Amino acid sequence: MGNAKTEQLKRVLKPVHLWAIAVGLVISGEYFGWNLGWGVSGTIGFLIATLVITVMYVTFIFSYTELTTSIPHAGGAFAYAYRAFGPLGGLVAGYATLIDFLIATPAIAAALGSYLHFLNPDIPVFASAVSFNLVFILVNISGIKESATFSVFITILAVAELLLFMSIVAPHFKMNNYLSHPMPFGWGGVFAALPFAAWFYLAIEGVAMVAEEVKDPKRNIPKGYILGIATLVFLALGVMVLTGGITDWRKLSAIDNPLPEAIGIVLGKTNNLTKIFAGIGLFGLIASLHGTIIASSRQLFAMARSGYLPRILASISHRFKTPHWAIIAGGVISFIILYQFKTDQIIVLSVMGAITMYIMSMLSLFILRKKEPDLERPFVSPFYPVFPAIALLISSITLFAIIYFNFKLSIYFFTGLIIVILIFVLMGKHKVKLPDDFMISPIKI
């Protein structure tokens, strides 16, 4: 073990932790948010959008894993784009990734508040959302191994509940319900639904944020990704199709707690099993809230350590070996977003950040293949260049669709990016180049 001049993140994570973080980051997408896609596309329109997005994520993850294992850096896409395009490219990817995870966190917290409100109407949504956020800021500060172990436990419970949900509603599925008003908005609705379909899988790329805390990352990260995406594809399609066939789907297309409502329709809202299910449903949302806080804090930490954000955010707790100030800063931003935006707006903004990051990552993959052909690549993207090209194409179409159907929110996103770039350039940061070995292995262990 070499001597490090800076505080070290601990390498303690194994494949089971990575599977739990990958699925845990995403699994809230199966509990809420996706149903908003029905409202703009209908059941069949949304099914088409989901299948397209599923292809995008499968090809993206297999391509992204090449970058993650070649450059195991806590900054994820920020580090890959920096390596490929230089400081400005890193800034764009880092900004997009921060929007992705920082904005996803309050959306999940809001859904947690809605689930609690379903269980007890006297509990206000906003207050419980803020409380959940605060609790998991403290959990994450306590240590990554402890956090990851918790992720395994909570993710297994969340997956088990979705399997239970499917087994309860499946006998009540009626194809007539599912095919009622299948594409009320035509093909335009399919494009409008793309960001909500992406919510099914959004944040799985967050596994890259803990790359520096993984034992043998070059072998274990691919295992975590592949197991994670397989689990999520099965759950997403199962939950979406079965839920759409138990009643008039339009009753479930504009709420933050579709699964408890669906169980309530099947069993009756006063049934004890309905209440128990809603209570257990908190686990899936908790798993994702926990995971997005991990991912966003590591992104803040990595960008601060590289000089892109205030250095205090790169501080590591001597006691817990976690980036405590980065975790706290992410929490403050989450509180502000919760207060200012509605759930559908938060989801669209988060997906916009994610899709922009995916585009930057796939472009980085192509550039690095040409720029650094001798870079060690323990995991090589299968069917190159087809897989990354498919991921890049669908990501670009999705970003265009988001901008077209959500123009005002797009202005917020791109105005923020322009302001960040201007500040970056005026400070002369775009001229400062970090050494290449820093981007490959920033912490020597």
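The values are calculated or read from the model by the stated rules, or taken from the named source; none is laboratory data. What you are looking at is a predicted structure, and each value in this text was computed from that prediction instead of being measured. Ideal geometry is used to build each Cβ from the backbone, glycine not excepted, and the neighbour counts take in all protein chains shown. The accessibility values were calculated without ligands, DNA or RNA, using every heavy atom of the protein model including side chains. Shrake-Rupley method; radii C 1.70, N 1.55, O 1.52, S 1.80 Å.
Please work out which residue is most open to solvent (accessible area, probe 1.4 Å), limiting yourself to region 235-265 and to residues that are among the aliphatic types (A, V, I, L, M) and not in a helix (DSSP H, G or I).
Of region 235-265, the ones among the aliphatic types (A, V, I, L, M) are 235-237, 239-242, 246, 252, 254-255, 259, 262-263, 265.
Next, only the ones that are not in a helix (DSSP H, G or I) stay: 246, 254-255.
Details: I246: 20, A254: 83, I255: 44 Å².
For region 235-265, the residue satisfying everything is A254.
Looking only at region 217-246, count how many residues are among the hydroxyl-bearing types (S, T, Y) and at pLDDT 90 or above.
Of the residues in region 217-246, 2 are among the hydroxyl-bearing types (S, T, Y) and at pLDDT 90 or above.
For every residue, the table says whether it meets (1) open to solvent by less than 30 Å² (accessible area, probe 1.4 Å); (2) aromatic (F, W, Y); (3) touching a Pro at 6+ places or on another chain (Cβ under 7 Å).
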| position | (1), (2), (3) |
| --- | --- |
| F46 | yes, yes, no |
| Y64 | yes, yes, no |
| T97 | yes, no, no |
| I123 | no, no, no |
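Spot the failing condition for F424; the list is (1) open to solvent by less than 50 Å² (accessible area, probe 1.4 Å); (2) more than 30 Å from V135 (Cα to Cα); (3) at pLDDT 90 or above, and only one is missed.
Checking F424 against (1) open to solvent by less than 50 Å² (accessible area, probe 1.4 Å); (2) more than 30 Å from V135 (Cα to Cα); (3) at pLDDT 90 or above, the one that fails is (3).
So A401 passes all but one of these: (1) assigned to a helix (DSSP H, G or I); (2) open to solvent by 50 Å² or more (accessible area, probe 1.4 Å); (3) at pLDDT 90 or above; (4) over 22 Å from F78 (Cβ atoms). Which condition number does it fail?
So the condition that A401 fails would be (2).
Only one of these is surrounded by fewer than 20 Cβ atoms within 10 Å (Cβ to Cβ) and under 22 Å from the mean Cα position of the chain (by Cα): I312, I294, I276, I280. Name it.
Answer to the check: I280.
Please go through (1) over 21 Å from Y57 (Cβ atoms); (2) part of a loop (DSSP other than H, G, I, E, B) for I328 and return the number of the only condition it doesn't satisfy.
Evaluating I328 over (1) over 21 Å from Y57 (Cβ atoms); (2) part of a loop (DSSP other than H, G, I, E, B) leaves (2) as the failure.
Yes or no: F85 farther than 30 Å from K174 by Cβ, touching a residue at least 12 places away in the same chain (Cβ under 8 Å), open to solvent by 10 Å² or more (accessible area, probe 1.4 Å) and over 20 Å from the mean Cα position of the chain (by Cα)? Write out each step before concluding.
Numbers: farther than 30 Å from K174 by Cβ: yes; touching a residue at least 12 places away in the same chain (Cβ under 8 Å): yes; open to solvent by 10 Å² or more (accessible area, probe 1.4 Å): yes; over 20 Å from the mean Cα position of the chain (by Cα): yes.
Answer is yes for this residue.
One line per residue, one yes/no per condition, for (1) under 23 Å from the mean Cα position of the chain (by Cα); (2) closer than 27 Å to V52 by Cα; (3) at pLDDT 90 or above; (4) surrounded by 15 or more Cβ atoms within 10 Å (Cβ to Cβ):
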| position | (1), (2), (3), (4) |
| --- | --- |
| R369 | no, yes, yes, yes |
| S381 | yes, yes, no, yes |
| Y384 | no, yes, yes, yes |
| F387 | yes, yes, yes, yes |
| I394 | yes, yes, yes, yes |
| F407 | yes, yes, yes, no |
| P442 | no, no, no, yes |
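Which residue out of A198, A193, A158 is within 19 Å of L51 (Cα to Cα) and touching a Phe, Trp or Tyr at 6+ places or on another chain (Cβ under 7 Å)?
Exactly one residue qualifies, and that residue is A193.
Residues are listed down the side, and each one gets a yes or a no for (1) in contact with a Leu (Cβ under 7 Å, 6 or more places away or on another chain); (2) open to solvent by 10 Å² or more (accessible area, probe 1.4 Å); (3) in a loop (DSSP other than H, G, I, E, B):
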{"site": "V152", "(1), (2), (3)": "no, yes, no"}
{"site": "A160", "(1), (2), (3)": "no, yes, no"}
{"site": "L164", "(1), (2), (3)": "no, yes, no"}
{"site": "V169", "(1), (2), (3)": "yes, no, no"}
{"site": "S180", "(1), (2), (3)": "no, yes, yes"}
{"site": "M183", "(1), (2), (3)": "no, yes, yes"}
{"site": "A197", "(1), (2), (3)": "no, no, no"}
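Exactly one of (1) open to solvent by 10 Å² or more (accessible area, probe 1.4 Å); (2) over 21 Å from G113 (Cβ atoms); (3) modelled with pLDDT of 80 or more is unmet by L36. Its number?
Status for L36: all satisfied but (2).
Being in a helix (DSSP H, G or I) and touching an Asp or Glu at 6+ places or on another chain (Cβ under 8 Å) narrows it down to one residue among F78, F118, F62; which is it? Outline the logic, then answer.
On the way: F78 fails: touching an Asp or Glu at 6+ places or on another chain (Cβ under 8 Å); F62 fails: touching an Asp or Glu at 6+ places or on another chain (Cβ under 8 Å).
None of the others qualify; the one that does is F118.
Cβ-Cβ under 9 Å, sequence separation 6+ or interchain: first residue in region 322-336 and more than 9 Å from L300 (Cβ to Cβ), partner open to solvent by 10 Å² or more (accessible area, probe 1.4 Å) and among the hydroxyl-bearing types (S, T, Y). Which pairs?
Sorted first by the residue in region 322-336, then by its partner, the pairs are T322/S142; H324/S315; H324/S317.
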